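Let me begin by presenting the structure, written as structure tokens, before commenting on it.
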Amino acid sequence: MIEEKTRKHPCYSKDAHEYSRMHVPVAPKCNIQCNYCSRKYDCQNESRPGVTSQILSPEEALEKYAHVKEKIDKLSVLGIAGPGDALANIEETRKTISLIKEYDPSVTLCLSTNGLLLPQYAPLLVELGVYHITITINTIRPETGAKIYKYVTLDNKKYIGIEAAEILLENQLKGLEYLSRHNVVCKVNFVYMKGINDYEVKEVVEAVSHRKAFITNIMPHIPTKGTEFAHLSKASLQEIDGVRDECQSILPQMYHCNQCRADAIGKLTGRTHCVKKQIG
Ligand code: CLF
Ligand code: SF4
């Protein structure tokens with residue numbers, strides 16, 4: 001059943017291009033601050049910067065899903081990808097999933113998260129039947145994490161620096177291990193930031209491969225005005241493809257990510273950021 005769902009998931013299977021995914025923007029809050037993210041926009045761990053999504057309540061999300069399901073043929077996936085973190089808004093996420101699953105039991109449920117709350121909520125996600133989960137892991141080195149994350153908030157306490165990065169990393173890896181053990185098909189996103197984590201791609205792909213991730217999605221950081229990392233230069237399309245090619249022998253790579261917004265609907269429109277023919 002999960003294999004069949006993966007086969008029809010347009011992000012996880014390059015051949016599933018005739019299938020559509022629909023995001024519902026029900027998760028506005030976030031519990032960390034990435035230095036490449038402006039809170040004015042959607043979560044950059046799955047989104048292009050510079051776009052914002054109107055927040056929906058779980059009931060509105062159901063209404064929209066029902067409407068779209070009528071109109072779009074082969075809508076296979078319902079995803080929650082922000083605009084903040086799906087798990088930092090667990091009540092809204094849980095309710096949305098429950099309502100939509102009740103309405104359409106055949107739907108494939110998907111979400112993306114920074115992973116901070118996975119140790120707490122991974123069992124709930126498994127119970128809810130979410131078998132496709134994306135975790136963004138940008139480094140496995142706490143000293144690099146301290147450069148990427150301004151702070152991490154957990155149990156009403158704010159952490160900074162190496163301590164914050166260690167907490168986030170530990171939870172991401174623990175979460176990935178738990179989900180893999182429970183047959184969840186995990187994708188790991190990596191935001192490739194020149195001069196920050198560009199020499200760490202392989203070690204991240206290796207670390208998540210050991211923990212049974214299904215695929216990695218190496219995405220270019222898109223510099224955003226008003227963020228700490230606005231000054232970083234953007235990797236070229238060829239550079240990103242080159243890194244993906246290098247990592248192919250470790251784990252399958254995604255070559256067709258659209259870096260969607262939190263309210264994206266429809267088929268993946270092809271390679272928005274890369275020009276080379278898809279080989280993943
Ligand atoms: Fe959405 Fe993400 Fe699920 Fe896909 S997107 S939560 S896995 S249903 Fe897909 Fe969009 Fe790339 Fe994400 S193209 S940004 S990888
Ligand atoms: Fe922004 Fe997403 Fe990072 Fe939260 S996890 S700070 S929404 S990029």
Requested in this report: Quick one: dipole size for segment 125-252, taken about the Cα centre, charges +1 on Lys/Arg Cβ and -1 on Asp/Glu Cβ, in debye to the nearest 20.
Outcome: 280 debye
Query raised in the report: With Cβ to Cβ distances under 11 Å as the rule, what net charge do the other residues near Thr216 carry (K, R +1; D, E -1)?
Result: +2
Report task. Counting other beta carbons within 10 Å of each Cβ, put Ile72, Ile32 in order, fewest first. Result -> Ile72, Ile32
Query - Scattering profile of segment 31-174 at q = 0.10, 0.15, 0.19, 0.20 Å⁻¹ [log10 I(q)/I(0), Debye over alpha-carbon scatterers] - result: -0.36, -0.78, -1.15, -1.24
**Report entry** Pair-distance profile P(r), taking every C-alpha pair of segment 113-185, with 5 angstrom steps and integer %
**Finding:** 3, 18, 27, 22, 14, 11, 4, 0
Query raised in the report: Taking the Cα atoms of segment 79-163 alone, what are Rg (to one decimal) and Dmax (as a whole number) in Å?
Result: 14.6, 46
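What order do you get for 232-242, 200-210 when each peptide is scored by the mean count of other beta carbon atoms within 10 Å, highest first?
Details: 232-242: 16.0, 200-210: 18.6.
With the highest mean Cβ count within 10 Å placed first, the list reads 200-210, 232-242.
Could you give the C-alpha radius of gyration of the chain expressed as a fraction of 2.2 N^0.38 Å, taking N as the number of residues it contains? Walk me through the numbers before you get to the answer.
Working: Rg = 17.2 Å, N = 280, 2.2 N^0.38 = 18.7 Å.
Scaled against compact globular proteins, the figure is 0.92.
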Query - Centre separation in Å (Cα based) which lies between segment 93-135 and segment 231-266 - result: 24 Å
Query raised in the report: Modelled label-to-label distance, Ala230 and Glu59, 7 Å Cα→beta-carbon offset: nm?
Result: 4.0 nm
Query raised in the report: In deg cm²/dmol and to the nearest 500, what is the mean residue ellipticity at 222 nm of the chain if only DSSP H runs of at least 4 residues count, each as -39500 (n - 2.57), divided by the residue total?
Result: -10500 deg cm²/dmol
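Where a number appears in this text, it was derived from the coordinates with a stated rule and is not lab data. Everything numeric here is computed off the predicted structure, so don't read it as measured data. We place every Cβ from the backbone using ideal geometry, glycine too, and count neighbours over all the protein chains shown.
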